[in-house]
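Below: one structure, written as structure tokens.
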Amino acid sequence: MSAAADKPVMLDIVDLSKVYPTPKGPYVVLEGLNLKIGEGEFICIIGHSGCGKSTLLSMIAGLNEISKGAIILNNKQILGPGPDRGVVFQAPSLFPWMTTLENVMLGVKQVFPHATKKEKIDIAKYYLAKVGLEDAFDKKASDLSQGMQQRVGIARAFALKPKILLLDEPFGMLDSLTKNDLQQVLVDVWQQEGITAIMVTHDVDEAIFLADRVVMMTSGPYAKIGKEQYINFPRPRNKVEVMEDPNYYKEREGLIDFLNLE
């Protein structure tokens with residue numbers, strides 16, 4: 001068990017289902033899914049393509065309608081999108097003609113409307129510096145590499161001061177070197193901020209490095225939680241140290257065995 005397991009419940013997913021109508025009848029993506037996530041916990045969700053991982057994340061984000069059940073964040077039912085949830089997608093969706101600072105400022109202005117202009121700029125600069133972009137405040141998004149653009153996306157999400165951070169395969173399009181670098185950036189900033197995080201990934205090694213708990217979903221349709229595995233490597237974590245830990249391959253085997261059975 002992880003220490004995070006003893007924390008108060010931040011997110012409670014109750015009997016959740018997602019059904020899409022099709023010409024051949026209803027297609028049930030998720031059915032009767034239940035999951036509790038503790039305050040400050042880092043959860044990774046894994047499963048085969050089509051099992052509904054991203055659908056689940058988009059429902060938590062309030063971007064996808066709930067067919068049945070409820071998602072309760074801090075004792076309030078989620079009925080739509082809101083600034084209490086920061087979202088980082090695979091593609092960061094920046095405005096290419098704007099600078100890195102301007103892209104982050106867009107969200108900051110919405111969430112902190114009563115702050116002074118200087119306070120808003122300071123917030124944006126603080127989180128850009130946290131992800132290693134202190135020398136790129138005035139660079140246009142169109143001039144940034146894919147990895148740097150994703151850094152802006154991560155800074156933008158943290159700058160909203162959300163209650164929960166939702167990450168949908170944010171490093172899926174990056175080369176392995178950039179991916180490793182950004183995984184470390186993410187886990188370091190997350191640790192400092194203490195925000196609850198849920199991340200969808202296909203990458204078993206990524207899940208082991210980042211997560212307090214890995215949630216494994218059964219293959220769709222009618223997908224639900226098949227198994228949960230607590231990851232007990234101490235924090236703060238360093239990727240090389242985690243991979244050299246004698247328990248690393250035991251943790252990995254537990255995830256791979258489940259995926260091979262699905």
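Against the test of being under 14 Å from the mean Cα position of the chain (by Cα), part of a loop (DSSP other than H, G, I, E, B) and surrounded by 13 or more Cβ atoms within 10 Å (Cβ to Cβ), the options GLY40, GLY86 yield a single qualifying residue, GLY40. Within the stretch 171-194, the set of residues being closer than 21 Å to VAL108 by Cα, in contact with a helix residue (DSSP H, G or I) (Cβ under 9 Å, 6 or more places away or on another chain) and not β-branched (Val, Ile, Thr) comprises LEU186, TRP190, GLN192, GLU193.
For LYS161, indicate whether it is in a helix (DSSP H, G or I), at pLDDT below 95, basic (Lys, Arg) and within 19 Å of the chain's Cα centre (by Cα). Don't jump to the end; show me each part of the working.
Values: in a helix (DSSP H, G or I): no; at pLDDT below 95: yes; basic (Lys, Arg): yes; within 19 Å of the chain's Cα centre (by Cα): yes.
No: the conditions fail for LYS161.
Just one of the numbered conditions (1) aliphatic (A, V, I, L, M); (2) within 23 Å of ILE154 (Cβ to Cβ); (3) touching a strand residue (DSSP E or B) at 6+ places or on another chain (Cβ under 9 Å); (4) touching a residue at least 40 places away in the same chain (Cβ under 8 Å) is not true of ALA91: (3).
In the stretch 58-74, the residues that are over 21 Å from THR201 (Cβ atoms) reach residues that are in a strand (DSSP E or B) and of a type in the set (S, T, N, Q) with C-beta atoms within less than 9 angstrom, at least six apart or across chains, in these pairs: ILE66/SER17; SER67/SER17; LYS68/SER17; GLY69/SER17; GLY69/ASN34; ALA70/GLN77.
Taking interchain pairs and intrachain pairs at least six residues apart, which have beta carbon atoms under 6 angstrom, with the first residue in the stretch 21-40 and over 19 Å from LEU11 (Cβ atoms) and free of Cβ contacts under 8 Å to residues at least 12 places away in the same chain and the second of a type outside the set (Asp, Glu) and assigned to a strand (DSSP E or B)? Cβ pairs passing all conditions: PRO26/VAL19.
The values are calculated or read from the model by the stated rules, or taken from the named source; none is laboratory data. Because the structure is a prediction, the values reported are computed rather than measured. Counting neighbours? That spans all protein chains shown, and the Cβs are built from the backbone with ideal geometry, glycine included.
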